[in-house]
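S.K.: Have a look at this one.
The values are calculated or read from the model by the stated rules, or taken from the named source; none is laboratory data. As the structure is a prediction and not an experimental result, all values here were calculated from the model. Cβ coordinates were reconstructed from backbone atoms using ideal geometry, including for glycine residues, and neighbour counts include every protein chain displayed. With ligands, DNA and RNA removed, areas are computed over all heavy atoms of the protein, side chains included. Shrake-Rupley method; radii C 1.70, N 1.55, O 1.52, S 1.80 Å.
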Amino acid sequence: MLADLALLYCAMFWGLSFPTMKILVNIYPTCWLLFLRFGTAALMVYVFFRGRIHESIRKCLKGGMIIGALLFAAIGSQTVGLQYIGGGRSAFISAIYVLIVPLMVWAFRKVFPGWITLFAACLCVVGMYFLTGDDMTGPMNIGDILTIICAVTFAVQILAINHYTYDCDPITLSFIEFVTLAVLSFITSLIFETRNEILSMNGIYELAFTTVFCTFGCYMIQICAQKYAKPSHAAIIMSLESVFGLFSSIIFLGETLTMRASIGCAMIFASVLIAELEPFMHFKTNRG
């Protein structure tokens with residue numbers, strides 16, 4: 001329960017970061033922004049936990065690099081895909097990772113996630129369809145393919161976190177994840193981005209909020225929490241990011257809440273509730 005609540009905290013702050021990210025992407029090139037976020041977060045982790053990191057860095061190096069590379073690939077494919085499809089369509093396709101995770105657990109670990117979990121995952125995906133607007137029509141293009149790659153990569157990253165936290169220190173994994181993503185972002189920015197605004201003071205407060213709470217705090221908490229949470233439940237809970245993102249956009253950016261989006265929010269909340277109540281449902285079934 002504590003692990004699930006921690007993941008809920010992550011989803012809330014990732015959702016709250018939507019308005020600040022909309023400001024930041026108009027100031028910084030994407031990869032420079034990722035370098036700033038994750039490079040600063042890595043420095044913060046090292047300052048607070050350097051003794052712990054030194055003790056376990058060799059053991060956690062492979063896992064942390066894999067997790068960081070997967071996250072970079074997911075963010076990168078989603079960002080490039082957005083150049084070809086609408087934001088709502090991208091959000092919906094990306095959210096399919098909620099359904100991919102339990103299917104991957106079933107396929108590769110031979111562990112059936114349970115009909116209740118599968119139903120909750122399907123309900124969450126349908127909720128995302130309602131939540132993300134009306135730009136779902138049109139033929140498949142390169143943007144759709146890249147966003148599907150993003151969804152699959154997110155799913156694999158969730159499973160990788162679950163795998164490597166079994167015998168690795170989650171704090172050290174987070175540090176290596178941040179360093180890996182920062183290095184990959186820096187290299188990519190040198191190759192593909194021409195505007196160097198890394199020293200810009202514009203948006204400094206938004207950058208600080210996103211770095212401290214949504215990167216240093218949330219991604220580290222995600223790894224720590226997933227040590228104790230089921231991967232399928234983690235995916236469903238983290239999908240609430242989109243719901244919190246909608247509400248933060250309404251509050252801070254003046255966006256409106258449509259009936260369609262309200263139905264989508266209700267479905268996603270219901271899917272999380274069903275996933276959380278699954279153990280009690282099994283208990284009642286067994287006793288019956």
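S.K.: Could you work out what % of the accessible surface of the chain is carbon and sulfur, using a 1.4 angstrom probe and leaving DNA, RNA and ligands out of the count?
M.R.: 71 percent
S.K.: Which helices, counted as full DSSP H runs in the chain, have an axial Cα extent of no less than 15 Å and a Kyte-Doolittle average of 0.0 or above?
M.R.: 2-24, 30-81, 97-109, 115-131, 142-164, 170-192, 240-253, 259-287
S.K.: With the other protein chains left in place, how much accessible area per residue, in square angstrom, belongs to the chain at a 1.4 angstrom probe?
M.R.: With the other protein chains kept in place, the chain gives 49 Å² per residue.
S.K.: On to the next question. Looking only at Cβ-Cβ distances, which cysteines of the chain have no other cysteine closer than 4.7 Å?
M.R.: Cys31, Cys122, Cys124, Cys150, Cys214, Cys224, Cys265
S.K.: How large is the Kirkwood hydrodynamic radius of the chain, in angstrom, based on all distinct alpha carbon pairs?
M.R.: So the Kirkwood estimate lands at 19.5 Å.
S.K.: Still on this structure, please answer the following. Given H placed 1.01 Å from N in the peptide plane, which residues other than close sequence neighbours of Glu255 have an amide H under 5 Å from its amide H?
M.R.: Long-range HN contacts for Glu255: Ile250.
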